[in-house]
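What follows is calculated from the coordinates using simple rules that are stated; it is not laboratory data. Because the structure is predicted, anything quoted here is derived from the model rather than measured. Note: ideal-geometry Cβ built from the backbone for every residue, glycine included; neighbour counts use all protein chains shown.
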Amino acid sequence: MAIKYAKRMEKMGASEIRELLKLTARPEIISFAGGLPAPELFPVEAMKEVSKKVLEEGGQKALQYSTTEGFLPLREKIVERMKKFDINAQPDDILMLSGSQQGLDFAGRIFLNPGDVVVCESPSYLGAINAFKAYECNFVEVDTDDHGMVMEDLERKLAETPEAKMIYVIPDFQNPTGKTWSVQRRKELVEIANKYDLPIVEDNPYGELRFEGEIPPSVKAFDTEDRVIFLGTFSKTFAPGMRLGWVYAPHEILERFIFVKQAADLQTSTISQMEINKFMEMYDFDAHVEKIKEVYGKRRDLMINTMKENFPEEITFTYPEGGLFTWVQLPEALNAKEMMVKALEKQVAYVPGGSFFPNGGRENAFRLNYSNMPDEKIVEGIKRLAEVIKEELGK
Ligand code: PMP
């Protein structure tokens, strides 16, 4: 057969790394590779009650088609929750999505022509890179430091990239590095986007999961010219299986998201929306988030402390104040992709860093997830990784 596929498919497809990561699903592997929440924290018993209530009170409505924009009582609750990020929205400014991943795909559909450039942090979220790639774009990566994107580098690159069409950032507990942007950088980002007249996609799945300190204002909070699109999700504060996210965007842009949503899948699952809304009415959602933060905060400490005790001195890693990930930097000479084969022999896994750089070429780092493995596996897995690293360094 000589089936002719769309040109965009040339940029997509199984990567070497995805093949490697398939192995991490084996039960004997201690995997720090996925970005999965802790399943033992899913409120399964409560959801049995919630589902029953939703079906008893409005079963026919829950199982019927509903509006594209989404279930109004839920959008009202989201408006309240977004105040944590210094966001003052109206329910009508929000469109419910089937996960925030869908918002990334839609942003690509709305803004990108083939050859346009997405400006992103270096490194950035692999799922966003893949979503945007489907629209045949190119990427310009901007340097990052401990305070976020380096603004001088952003300015310089925007000045020399007339094809730049959209800026994509994850300012809170970034995937993959776990880093958080300073307030100053957030302000400056908006100022620079104003100057170059570009939309900003602010992706914030982890912001609520802050273990210490205060939640900083979002980039959206500094939006003076209606150019920031904010993506939120219940995947990390509740459960990813619900597939519930949202986009909060300026009216004109939101209208486009609504058109695209209609064309893509009509609406987000009615029953999912009604269930999470009912959960929030019957239970204390903030208390639930607190419980998640407590468990993940302890796991973060355990992972960081075990790395401090066992990793050779020259290995550095980030200290995330929240979220799910830390980022480990290896000496220049080591290659995390090659090292993964040895890690898998010792039955421990991570995601090699190269995949998070859309333009490739940086292999001496990897991402670790600390939310999904129980305490004893975190300690054991990090000790095994330390052995692998020491062997690679000839120690
Ligand atoms: N953005 C980032 C930065 C993520 O890490 C993820 C999931 N890991 C998503 C978006 C998508 O999440 P979801 O579709 O489950 O809301």
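Below is a table of values for the structure above.
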| read-out | value |
| --- | --- |
| Contour excess over end-to-end distance, with Cα ends at GLU290 and VAL150 and 0.36 nm allotted per residue | 47.2 nm |
| Long-range HN-HN contacts of ALA164 with modeled amide H, under 5 Å | VAL117 |
| The chain: most fluctuating residue of ARG384, ARG26, ARG210 per GNM, C-alpha cutoff 10 Å | ARG26 |
| Listed residue (SER218, TRP181, ILE276) projecting farthest to the positive dipole end of the stretch 174-290, Cβ model | TRP181 |
| Quarter of the Cα convex hull surface for the stretch 96-150, i.e. its orientation-mean projected area (nm²) | 4.2 nm² |
| Likely footprinting exposure, TYR65, TYR248, TYR196, fewest C-beta neighbours within 10 Å first | TYR65, TYR196, TYR248 |
| Inverse mean reciprocal Cα-Cα distance (Kirkwood Rh) of the stretch 194-253, Å | 12.9 Å |
| Principal axis dimensions, largest first and in whole angstrom, of the chain by Cα | 63, 57, 53 |
| Rough spin-label spacing in nm, given labels placed 7 Å along Cα→Cβ, for GLU332 and TYR283 | 5.1 nm |
| Gyration tensor (alpha-carbon) shape descriptor, the stretch 347-395, a/c threshold 1.5 | oblate |
| Rg/Rh (Cα only; Kirkwood hydrodynamic radius) as it applies to the stretch 90-226 | 0.93 |
| Gaussian network model of the chain, Cα within-10 Å springs - most flexible of PRO27, PRO205, PRO176 | PRO27 |
| Radius of gyration and maximum dimension Dmax of the stretch 56-160, Cα, Å | 18.3, 60 |
| Given charges at Cβ of Lys, Arg, Asp, Glu: the chain dipole, positive-most of ILE378, VAL140, MET47 | MET47 |
